[in-house]
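The values are calculated or read from the model by the stated rules, or taken from the named source; none is laboratory data. Everything quoted here is computed from the prediction, not taken from an experiment. Reconstructed Cβ throughout: ideal geometry from the backbone, glycine too, with neighbour counts over all protein chains shown.
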Amino acid sequence: MHTHLAGRIALVTGATAGFGEACAETLCRAGAQVIAAGRRKDRLDALAARLGKDRIHPLVLDVRDRGGVEKAVAALPPALAAVDVLVNNAGLALGLEPAQRASLDDWDTMIATNCRGLVTVTRAVLPGMVARNRGHVVNIGSVAGSYPYPGGNVYGATKAFVRQFTLNLRSDLLGTGVRATAIEPGMAETEFSLVRFAGDAAKAAKVYEGVKPLSAADVAEAVLWAVSLPAHVNVNAIELMPVQQAFSPFAIHRKT
Ligand code: NDP
Ligand code: 8X3
């Protein structure tokens, strides 16, 4: 166990699974106190039981609930209120249908979670960071925010939002000691595909067939690196992919 984050407080959203859970564990093992947020209380409690109730503070939170987020951040115990690292990770993809067939409800949920939820938590935590002149906002984007693919429509667009919001944060935070980083992973095996395909485990497993995808721990390692650099260094963005993933050529539809 390293201890270089000792004394630092991290708030991780979506800490009940995948990247968020791995980030909570990695930051905790590096010495931080972690506020682990998510909707599934049983999983947060299990995380606290595993890593230590004095190290992990479970926070049941739906990032789409603006009032709930504002109240929860304002009500953090004084010892945990000065958040140093915010990992805005909560998010999801729903469906892989072309835009003309996709569900508008799914689109709404992705926008509400990946965009509105992310800015709501950021807006609640940021004033304290600026007042203390220290802090780091780490936003989990995706390669889907930079490269289009069929069926990526609104999901990819929400992640492009995450990338641009992160860069715009950098502009607004200039002159403060507060940092902002976008982490943009490619294919990673978590519960992501299970959620995308509404619990269809066979369809989700197919996504990773014959591939060694990124793991949640790989992504957490990138987050740890970015937040561990000296205070004068800002990593704007990290894009990472499995070696077995790359880019398609332009798609051309030819008339026959
Ligand atoms: P998982 O499905 O494994 O984890 C998603 C997490 O987000 C869960 O902890 C879930 O918690 C939480 N979450 C979802 N909706 C809400 C909400 N309304 N309020 C609070 N928490 C919520 O997926 P990943 O770990 O893969 O995904 C994490 C992030 O990484 C997402 O933003 C995703 O878009 C992004 N990403 C994923 C990639 C991949 O290939 N896996 C690649 C690139 C980016 P709960 O349900 O308990 O609330
Ligand atoms: C998750 C990766 O390629 O399924 O953001 O969109 S991808």
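Structure notes:
- Among the conditions (1) among the aliphatic types (A, V, I, L, M); (2) in a helix (DSSP H, G or I); (3) within 26 Å of H232 (Cβ to Cβ), A124 misses just one, which is (3).
- Check on R64, within 18 Å of the chain's Cα centre (by Cα), in contact (Cβ under 8 Å) with a residue 40 or more places away in the chain and surrounded by fewer than 20 Cβ atoms within 10 Å (Cβ to Cβ): yes
- Taking the range 2-75 as the region of interest, the strands (runs of 3 or more DSSP E) fully inside it that hold 1 or more residues being hydroxyl-bearing (S, T, Y) are 9-13.
The rows are residues; the columns are (1) under 16 Å from the mean Cα position of the chain (by Cα); (2) at pLDDT 95 or above; (3) closer than 23 Å to M129 by Cα.
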{"site": "A180", "(1), (2), (3)": "yes, yes, yes"}
{"site": "F192", "(1), (2), (3)": "yes, yes, no"}
{"site": "G199", "(1), (2), (3)": "no, yes, no"}
{"site": "Q244", "(1), (2), (3)": "no, yes, no"}
{"site": "R254", "(1), (2), (3)": "no, yes, no"}
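- Residue check for L224: within 16 Å of ligand 2 (Cβ to nearest atom) and crowded, with 16+ Cβ neighbours inside 10 Å: no
- Among the residues listed as G186, G199, the single one being small (G, A, S), more than 10 Å from ligand 2 (Cβ to nearest atom), out of contact with any Cys (no Cβ under 6 Å at 6 or more places or on another chain) and closer than 19 Å to A93 by Cβ: G199
- Residues being in a helix (DSSP H, G or I), in contact (Cβ under 8 Å) with a residue 40 or more places away in the chain, surrounded by 19 or more Cβ atoms within 10 Å (Cβ to Cβ) and in contact with a strand residue (DSSP E or B) (Cβ under 7 Å, 6 or more places away or on another chain) are entirely absent from the range 79-102.
- Output for the range 47-70, where each listed residue is closer than 18 Å to A90 by Cα and out of contact with any strand residue (DSSP E or B) (no Cβ under 6 Å at 6 or more places or on another chain): V60, D62, R64, D65, R66, G67, G68, V69, E70
- When each of A160, A112 is tested for being surrounded by fewer than 20 Cβ atoms within 10 Å (Cβ to Cβ) and either touching a helix residue (DSSP H, G or I) at 6+ places or on another chain (Cβ under 7 Å) or part of a loop (DSSP other than H, G, I, E, B) (or both), the lone residue that passes is A160.
- Once the range 3-43 is narrowed to residues that are over 16 Å from the mean Cα position of the chain (by Cα) and over 17 Å from H136 (Cβ atoms), the residue that is nearest to ligand 1 (Cβ to nearest atom) is R40.
- No other residue among V143, V154 is surrounded by 17 or more Cβ atoms within 10 Å (Cβ to Cβ), of a type in the set (A, V, I, L, M) and under 14 Å from the mean Cα position of the chain (by Cα) apart from V143.
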